[in-house]
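Encoded as structure tokens, the structure appears first; notes follow it.
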Amino acid sequence: MGDDAATIEDYYHEGRTFAPSAEFVASAVVNDPAIYEQAEADFEGFWADQARSLVSWEEPFHTTLEWDLPYAKWFVGGKLNVSYNCLDRHVEAGLGDRVAYYFEGEPGDTQTITYSELLSEVSRFANALKRLGVNSGDRVCIYMPMIPRTVIAMLACARIGAVHSVIFGGFSPDSIADRINDAAAVVVITADGGYRRGVPLMLKPNVDEALKSTNTVRSVVVADRCGGNVDMQSGRDHWWDELVSAESDDCPPVFVDSEHLLFLLYTSGTTASPKGIMHTTGGYLTQVAWTYRAVFDLRAESDVYWCAADVGWVTGHSYIVYGPLCNGATSVIYEGTPDTPREQDRSGDPGTWAKDRLWSIIERYGVTQLYTAPTAIRTFMKWGETWPDAHDLSSLRLLGTVGEPINPEAWMWYHEHIGAQRCPIVDTWWQTETGGQMLTPLPGITVTKPGSVCAALPGIGVELVDDDGNVVTEGGGYLTLTTPWPGMLRGIWGDPQRYEDTYWSRYEGRYFAGDGAKIDSDGYLWILGRTDDVMNVSGHRISTSEVESALVDHEAVVEAAVVGAIDETTGQAIVGYVILRGDVESSDALRGEIRAHVSKKLGAIARPRVVIVVPDLPKTRSGKIMRRLLRDVVEGRELGDTTTLADEDVVDEIRDRAESDDSDDE
Ligand code: PRX
């Protein structure tokens, strides 16, 4: 247990370890631990080797890195094209018939797309963009469902040197308008709609609404996904099919500088407007290509990989599109939710949703690697193991997670019920800003601990520091990056000052990631969540994620969110919101028992003052718990901005429960 001076205290100790099997190690893509020392001795040389071996350059780079803190240029002098790397060179190598994507729509429609088909579709669409007047460097917004045309649109931009800005399909007209205006986008690519939970979710009307408050967009391209029943503005709006029908499938790639802007991706800040995170070409492609291959242990000729994220997030950019395609991999894309279709379609029981779509997809396509988020894994736990148990998941050989800390219980469930205790789990820490994975096990080398991201990848420099910037070698601290990395953001679009202030000002010479973390006595790294999620209880800084893990460790609890509420005596008091397993009833006795369980796991200091049982938790559309709203509820405030909330009703239900459960606790 940490002492009072510790930056973030450390209460949870994990003793379980999991080594990869000898068989896995023997055939792993990366299995020699010497790679860590080699990369540490010369991180620039390490990345230069990856850039030369995994990426094709039209002109080779002459300088690996120019570093003028906080501005990096990687692979200077090199020229390349990302879509050439992702498509043409595989076709040239005779792999044109290899499947790039197996697509499955939510209604059950399927499409198989080979590398040569993808190349011709991308080329035709790139020619169409040129006809619409899109030039190298122009910004193009993409607001689409999870369908292959989304990937085609991204690659077509890359082919002609245009910059894409993908806007997640769940965002509102206001959010679209903000992003179009900030980037001064000239074209928007969208679809009439996409399927979600059995119904078409319309997208084009949101674009129409957004365009009322923008003035830079000249053209809108609309893919027909749901029958095409939307308004089209003559002169401005074009159907995708009509547009490309006249185009040739030959479109020579535009070779650009290594530092040419590849895409913008907007991420919300704690305040004010979203930040347009800038990613460039050569460094980004190198990092996603190498990490994809090494971390997912890719065997491109036989694997079927599936990242169940949305392409609207960075995970989709790096590990659905660019990492897999650059390596010539075969992936699955699924359009909808994991609990569609309705079960009545199969068993006649109306009103409930089947909850095994994911496991059915894995079985039918023979998926070998699955990459998903802890929030999804906890949902699957809540639904129970009968759903995965009904399917043959024996094709799986590796599992990954990303997006938030995975609590050890969820890790163990994933390991046992999905991985059959056979598949290494890679818990990958990274950010929109880092472009690619940074901290994660390497599956053929690392002995993992449930809940730990384990270590930095070779070529990545990480250190924890305390409030004063002193390096912490054991215990809790702030996660900082000490050396530039190829996929790093190059800035915030239009706002260099905000870039310097947000990431580089807190600790001199270091990138501060905004996350708390700890190093345990074995040197393993644990992410403790955003530092604004750290509570201060009687002067002890306690991480929300450790208390959440302890809550979920209780057998009655399937999901938990913890916040610190203002408390006159202790500064902050711990409030735990919990979702109970389906068959368990809430009672005073049970809530008391759950609080005692946290005491037992972590110590009395971490015992929640109150445990509130809720039916659901407020989450962003990317699945992150909105602790700010939970704090507002418990401190009795008016709710702040709820526009990014996936389901607004959840908050009202929570408020009702908070009032009743709070009154009967101490
Ligand atoms: O707090 C960390 C959490 O997600 C943040 C980055 O969010 P975003 O830019 O949306 O990118 C998510 C996908 C890469 C981080 O600052 N996070 C991400 N991965 C993990 C994580 N927290 C714990 N463990 C992870 N594996």
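Could you tell me how many degrees, from 0 to 90 and to the nearest 10, lie between the Cα long axis of helix 282-295 and the main elongation axis, the longest principal axis, of the Cα atoms of the chain?
60 degrees
Where the Cα atoms of the stretch 444-591 are projected onto their three principal axes, how long is each span, largest first, in whole Å?
Principal axes ranked by extent give 52, 45, 32 Å for the Cα atoms.
R0 = 45 Å: FRET efficiency of T386 with T267, Cβ-based, nearest 0.05?
Between T386 and T267 the formula returns 0.75.
With each run of n ≥ 4 DSSP H residues scored as -39500 (n - 2.57), what mean residue ellipticity at 222 nm is computed for the chain after dividing by its residue count and rounding to the nearest 500 deg cm²/dmol?
Details: 20 runs with 183 residues, N = 666.
Per the formula, -8000 deg cm²/dmol.
With a/c under 1.5 counting as rounded, go ahead and sort the stretch 136-219 into rounded, prolate or oblate using the C-alpha gyration tensor (a ≥ b ≥ c being the square roots of the eigenvalues; past the cut-off, prolate if a/b is larger than b/c, else oblate). Before the final figure, lay out the partial values.
Values: a/c = 2.38, a/b = 1.21, b/c = 1.97.
Oblate shape, in that a/c is at least 1.5 and b/c is the bigger or equal ratio.
Angle, helix 173-183 long axis vs. longest principal axis of the chain, Cα atoms, 0 to 90°, nearest 10?
60 degrees
So if each residue of separation counts as 0.36 nm, and I subtract the Cα-Cα distance between E474 and S599, what length gain in nm does that give?
Stretched fully, the E474-S599 segment lengthens by 42.7 nm.
Any idea which of S120, G96, G77 is furthest toward the positive side of the dipole for the stretch 71-121, if Lys and Arg beta-carbons carry +1 and Asp and Glu beta-carbons -1?
G77
Testing the spin-label approximation: label points 7 Å from Cα along Cα→Cβ at D467 and D97. State their distance in nm.
Going by the 7 Å Cα→Cβ label model, 6.7 nm.
Taking the mean number of other Cβ atoms within 10 Å as a proxy for protection, how do you rank 324-332, 36-44 from highest to lowest?
Highest to lowest by the protection proxy: 324-332, 36-44.
What order do S53, S258 take when sorted by accessible area (1.4 Å probe), most exposed first?
Correct descending sequence by accessible area is S53, S258.
Can you give the net charge of the other residues whose Cβ lies under 10 Å from the Cβ of Y143, counting K and R as +1 and D and E as -1?
+2
Let me know the Kirkwood hydrodynamic radius for the chain, please, with Cα pairs as the basis and the value in Å to one decimal.
Result for the chain stands at 25.6 Å.
How far is helix 649-663 tilted, in degrees, relative to the longest principal axis of the Cα atoms in the chain, given as a value from 0 to 90 rounded to the nearest 10?
10 degrees
If you take the beta carbon distance between D32 and Q111 as r and set R0 to 51 Å, what does 1/(1 + (r/R0)^6) give as a FRET efficiency, to the nearest 0.05?
Numbers: r = 40 Å, r/R0 = 0.78.
Result of the calculation: an efficiency of 0.80.
If the chain between H13 and R637 were fully stretched, how many nm would it gain, using 0.36 nm times the residue separation less the Cα-Cα distance?
That pair, H13 and R637, stretches by 221.1 nm at full extension.
Using a simple spin-label model with points 7 Å from Cα along the Cα→Cβ vector, what separation in nm is obtained for E242 and D532?
4.5 nm
Which net charge results for the neighbourhood of A329, defined as the other residues with beta-carbon distances under 15 angstrom from its beta-carbon, given Lys and Arg at +1 and Asp and Glu at -1?
Net charge around A329: +1.
How much solvent-accessible surface does S394 expose, in Å² to the nearest 10, with a 1.4 Å probe and all protein chains in place?
Taking all protein chains as shown, S394 has close to 70 Å².
What does the charge count near Q437 come to, summing +1 for each Lys or Arg and -1 for each Asp or Glu among other residues with Cβ under 15 Å from its Cβ?
-4
Using DSSP, restrict attention to beta bridges with both residues in the chain and report what percent are antiparallel, rounded to the nearest 5.
Beta bridges within the chain, antiparallel portion: roughly 60 percent.
At 0.36 nm per residue, and after removing the present C-alpha to C-alpha distance, how many nm does the segment from F255 to N229 gain when stretched out fully?
5.5 nm
Rolling a 1.4 angstrom probe over the protein chains, ignoring ligands and nucleic acids, what is the accessible area of H391 in square angstrom, nearest 10?
Accessible area, nearest 10 Å²: 40 Å².
How large is the charge dipole for the chain, taken about the Cα centre, if only the Cβ atoms of Lys, Arg (+1) and Asp, Glu (-1) carry charge, to the nearest 20 debye?
So the dipole magnitude of the chain works out to roughly 1460 debye.
The values are calculated or read from the model by the stated rules, or taken from the named source; none is laboratory data. Since the model is a prediction, treat every value here as computed from it, not as a measurement. No Cβ is skipped: glycine too gets one built from the backbone with ideal geometry, and neighbour counts run over all protein chains shown. Just so you know, the surface numbers come from the protein's heavy atoms only, side chains and all, with ligands and any DNA or RNA stripped out. Shrake-Rupley method; radii C 1.70, N 1.55, O 1.52, S 1.80 Å.
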